[in-house]
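Worksheet: the structure to be examined is printed underneath.
The values are calculated or read from the model by the stated rules, or taken from the named source; none is laboratory data. Just so it is clear, the structure is predicted and the values come from calculations on it, not from any experiment. Backbone-built Cβ (ideal geometry, glycine too); neighbour counts: all protein chains shown.
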Amino acid sequence: MKLIKNLLKKIRAKLYHNSDNNIYYGEFIGSVNFWRLVKWNFLYFEKILFSIKNRQIKLINYFINKFKIKKIKNTFIKEKLQFLNNNGFIVLENYFDENIIEKIIKDNETIIANLKSQKRNENSYHRFRGVPLTDNLVKIWLDENIIDIMENYLNTKLYSRMYPAINYTHCAYERTSKEIHTKKIKEQVASYWHVDYTNTISVTVFLSDVDKSKTRMQVVPKSHFNLNSFFKISDEAIEESKKSVVDCVGKKGSVLIHCGNIIHKFKGVSNSDRLQLTSVFSSGTNLALNVNHISSCLSKNFDIDSLDTRKRNLIKGIFPISIRQGYEMQNEKIFPTSYKGL
């Protein structure tokens, strides 16, 4: 059976991409071309079925959201959601006060110092996932406005997929997809065009100023409407498409929200760094439950059950709620105990 699966996998890959050229080569066989994406979705139909199941066909959601936006009374939410719905990303400039950002940095100075100490003379990415929860951190991580924007955008109930993380990225060299391919470069940073899970939405809080002279993220606006593949996309494919590319920049305290299905990449600038607080949310799948990260998050004795009902339910996939009868195992999976008696 395994041999048959591997054979079918090879046949499918060959049908999608038969030979390299200047635009599609090596691992860079993803595309923004309409007909090539149609071909990919026919051959790799599992992803579109997954998107349908989770109600995350972005073009359909765009029209649903357009109607819904008209009924939203909060001007801030309405304006930001509309931009996110149209473009697949948004930067909320100077959203958080610099004082609270400085407190976050101060509270986690040991973590940040350790991340920076790992910097090497290469493109490197260092993450501490499971940042200890404090009142200040939770204010940023579970900000009401940001939650409202994301939940309205996904058009479904929102769940935290990952624990809050501090990311430190150092760029030693600027890369192109052709260079990565020809030199067979393997590095931690995603300095190539790609997409994330289609049912996710990510929040990045800038812990340092980011401008066009520094390492930053770039996005291709409106590319979230595509039924994108999971393959890497070459610089040449983006250039050939003549689609616009936007730099995601802002002062310390600014927030970048981006849809998992938008085409984006790490744009490195030699000898520059970036420091961020990141979190990822989803429609309820791909939840990265991890007991070590739970332990780390609660290491400062934050009372997770002191959160209001909405926030507690939003994070229950990664911080399970205690229930009276506990849980039971069924076919190696965990479920709430079905029998409620003694």
Look through region 202-234, keep the residues that are of a type in the set (S, T, N, Q) and under 21 Å from Ile149 (Cβ atoms), and return whichever of them is nearest to the chain's Cα centre (by Cα). Ser202
Pick out the one residue from Gln218, Gln188 that is modelled with pLDDT of 95 or more, surrounded by fewer than 20 Cβ atoms within 10 Å (Cβ to Cβ) and either closer than 23 Å to Asn261 by Cα or in contact with a helix residue (DSSP H, G or I) (Cβ under 8 Å, 6 or more places away or on another chain) (or both). Gln218
Note on Ser338: of the conditions (1) part of a loop (DSSP other than H, G, I, E, B); (2) among the polar types (S, T, N, Q); (3) surrounded by 13 or more Cβ atoms within 10 Å (Cβ to Cβ), unmet is (3)
Reported set for region 79-95 where residues are surrounded by 17 or more Cβ atoms within 10 Å (Cβ to Cβ) and of a type in the set (D, E, K, R) is Lys80
Any residue at all in region 282-300 that's surrounded by fewer than 15 Cβ atoms within 10 Å (Cβ to Cβ) and either within 26 Å of Glu102 (Cβ to Cβ) or among the basic types (Lys, Arg) (or both)? yes
Filter result for the condition that a residue is exposed (fewer than 12 other Cβ atoms within 10 Å of the Cβ), β-branched (Val, Ile, Thr) and under 18 Å from Thr198 (Cα atoms), over Ile48, Ile64, Ile52: Ile52
Count, please, the residues in region 169-218 that happen to be without any contact (Cβ under 8 Å) to a residue 40 or more places away in the chain and in a loop (DSSP other than H, G, I, E, B). 6
Assess whether Ile146 counts as being under 20 Å from Ile315 (Cα atoms) and either among the β-branched types (Val, Ile, Thr) or at pLDDT 95 or above (or both). yes
Which one of these does Arg120 not meet: (1) in contact (Cβ under 8 Å) with a residue 24 or more places away in the chain; (2) surrounded by 16 or more Cβ atoms within 10 Å (Cβ to Cβ)? (2)
Those residues of region 223-265 that are of a type in the set (Phe, Trp, Tyr) and farther than 24 Å from Arg12 by Cβ come to a total of 1
Reported set for region 287-335 where residues are free of Cβ contacts under 8 Å to residues at least 60 places away in the same chain, polar (S, T, N, Q) and not in a helix (DSSP H, G or I) is Asn301, Ser322, Gln325, Gln330, Asn331
In region 83-106, anything over 19 Å from Val220 (Cβ atoms), in contact with a helix residue (DSSP H, G or I) (Cβ under 7 Å, 6 or more places away or on another chain) and assigned to a helix (DSSP H, G or I) is listed as Ile100, Lys103, Ile104, Ile105
